[in-house]
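Visitor: One structure follows; several queries about it will come next.
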Amino acid sequence: MGTYELEGLYVYNYAETRFAGTFKLTKEKNGTYTYSMIRTTNKINGSLATARGKDLVIKDNQCIIKINKTCRFKVDFYDGFLRTSAMDENLSSCGFKGTDITLQGTYVRIELE
């Protein structure tokens, strides 16, 4: 796997379901990362999923985002993309607003000018 910068802004957009989202990753001086994620739907009563945290350790291009004890997501970084996948079966424990909303998906890193 090639070497690339993980820090930056990643976006998600899936027109068929009208889901959209962002994942912002910032490297701290101590080598850990802070992150902020948001996912929305454009349905009438739109759903919302958010997560943020600090002291995230990325090892072998992977990390775990822990929303709470029963809501965790594995994040895999690869060639300017990241993929989030649920590690727990009961995503209703995540506390997201609305139905059919998750942080799962593939995000692409974008360059901001």
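Computed from the coordinates by the stated procedures, all read-outs in this text should not be read as laboratory data. Keep in mind the model is a prediction, meaning the values are calculated, not measured. So basically every Cβ, Gly included, is an ideal-geometry build from the backbone, and we count neighbours across all protein chains shown.
Visitor: Only Cα pairs under 8 Å and at least 6 apart count here; give the relative contact order of the chain as a rounded whole percent.
Guide: 25
Visitor: Another question, then. Just to be sure I understand the model, the point goes 7 Å from the Cα along the line to the Cβ. What's the resulting Lys69 to Lys29 distance in nm?
Guide: The modelled label-to-label distance comes out at 3.6 nm.
Visitor: Treating only the Cβ of Lys, Arg, Asp and Glu as charged (+1, +1, -1, -1), what charge dipole size does the chain show about its Cα centre? Round to the nearest 20 debye.
Guide: Numbers: 16 positive and 13 negative charges, 91 e Å.
Approximately 440 debye in magnitude.
Visitor: If you compute semi-axes √(5λ) of the Cα gyration tensor in Å for the structure shown, which of (1) 27, 18, 11; (2) 19, 18, 13; (3) 23, 17, 12 do you land on?
Guide: So the calculated entry is the one marked (3).
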